[in-house]
Each structure stands twice: as structure tokens, then as C-alpha cells.
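Asks: What follows is a structure written as C-alpha cells; I'll ask about it next.
Here, each number is a calculation from the coordinates, and none is a lab measurement. Quantities reported herein were computed from a predicted structural model and do not represent experimental measurements. So basically every Cβ, Gly included, is an ideal-geometry build from the backbone, and we count neighbours across all protein chains shown.
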Amino acid sequence: MRTKDEAKLRALFASTLELVAHTGLSGLTMSAVAKGAGLATGTTYRYFRGKDQLLSALYRDIKKNFSQEVFEHIPHSNSLKSNLRAMWDNYLDFLILRRKESIFLQQFNHSPYINEKENLNLALEVMDPLLALFRDGIEKEILRTDEEELLFPLFAAFLEQCAIKIIASPKQIKSDISKAGFNMYWNAIRA
């Protein structure tokens, strides 16, 4: 069996991201991915058996990068609010600077592909630093406990709306939007 060329793999991923941003997951075809990558369709099938495998591999690749960018460089302090704000800022940067990856994750997370056990387990594993912070806040009675399963969905929704506002209004100062969004979120979840 021939070894896989990393450059071709990256080209397939880049093509997939571009297509998903414009046509969505449902409109994605392996032949379109190959064409966008400048490869023959047959080459695409040497890397992936089909669309499902391609999307799952791209999901795992993005989640690995997401985890590194959002959670690995948190200057952990004794303040839950400070740690949460650091994760907020990193997550917001990812949403803005890696827009195509963000769009892909949104669509993938609302598709049947996320339900594959491996993908679902990875999603939980990657988000564990944030979920652990929530658990700690609940245990210490800093965060609300009445609807604790809403802590993450609200976090993600507030961030997405901040990202959309920042992208749509480049003249507004990003830090002002981020600060206002975080303060609104914090006031919604604190005990």
C-alpha cells in the first residue's frame, strides 16, 4: 500500500472546508472535493472510503487543533471567572480566525455524523477542560445549578453571536464586544 501524502491530505481538507462553507455538508460530493483539491477523484478514495470517513477525519483534525488553541494556553488562576474568560477569549479567536473550520464544526455538530460513537466521545473529551471548569463552579456554588446542562450551549451561543457581530462590524473594537458578551454570559450563569 502506498503511503499517503500529507500535502494531498491537507488539500482534501482545505477543499472540503471551502465547499462546506459554500454548499453545506449535504451538498458535498467526493468529486467536488477532489476537483477543489486539484486531484483526481480516484485519489480521494485512496485517502477515504467515502464522504462519511472524510468528514469524520476532518472533524477529528479540527477538534485536535481546537483543543490546542482554546485550552492549552490558559494561565490558570484561582479565579473561576478569570479562567472562564481566558477560555472565552481563545474560543472567540478560534471562531473568528478559523471561520471555515467553525462553520464546518457547526454543521457537523448538527448532523448525523456527530452521532458516531468515536466522534461523540471526541467532542466530550475535547471540551472536558471547559466542562470541568463548569463542574468546579457548580461544586463551589459559584455557578447556577438550576439548568447546569445549559452552561455549555449558552457559552457557545453567546460566543457565536459575538463572533458574528465582530466579523460583521469590523470598525467596532473586538475587545469591547468580547467583554460585553462575556459579562452578559457571566451574569446569566453565576449563582
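Asks: For Lys4, which lysines qualify as cross-link partners when the Cα separation must be under 23 Å and same-chain residues fewer than eight apart are set aside?
Replies: Straight-distance partners of Lys4: Lys35, Lys51, Lys63, Lys64.
Asks: Ok, one more. Could you sort 167-177, 103-113 so that the peptide with the highest average Cβ count within 10 Å comes first and the rest follow in order?
Replies: 103-113, 167-177
Asks: Rank Gly50, Trp88, Pro112 by how far each Cα sits towards the positive end of the charge dipole of the stretch 2-153 (+1 on Lys, Arg Cβ; -1 on Asp, Glu Cβ) and give me just the farthest.
Replies: Gly50
Asks: Mind checking the full-extension length gain between Leu9 and Arg135? Use 0.36 nm per residue of separation minus the Cα-Cα distance, one decimal, nm.
Replies: Result: 41.6 nm gained on full extension.
Asks: Next question. Please work out the FRET efficiency for the pair Arg49 and Ser169, using the Cβ-Cβ distance as r and a Förster radius of 30 Å; give the result to the nearest 0.05.
Replies: 0.10
Asks: From the helices alone, meaning DSSP H stretches of at least four residues, give me the mean residue ellipticity at 222 nm for the chain, per-run term -39500 (n - 2.57), in deg cm²/dmol to the nearest 500.
Replies: -23500 deg cm²/dmol
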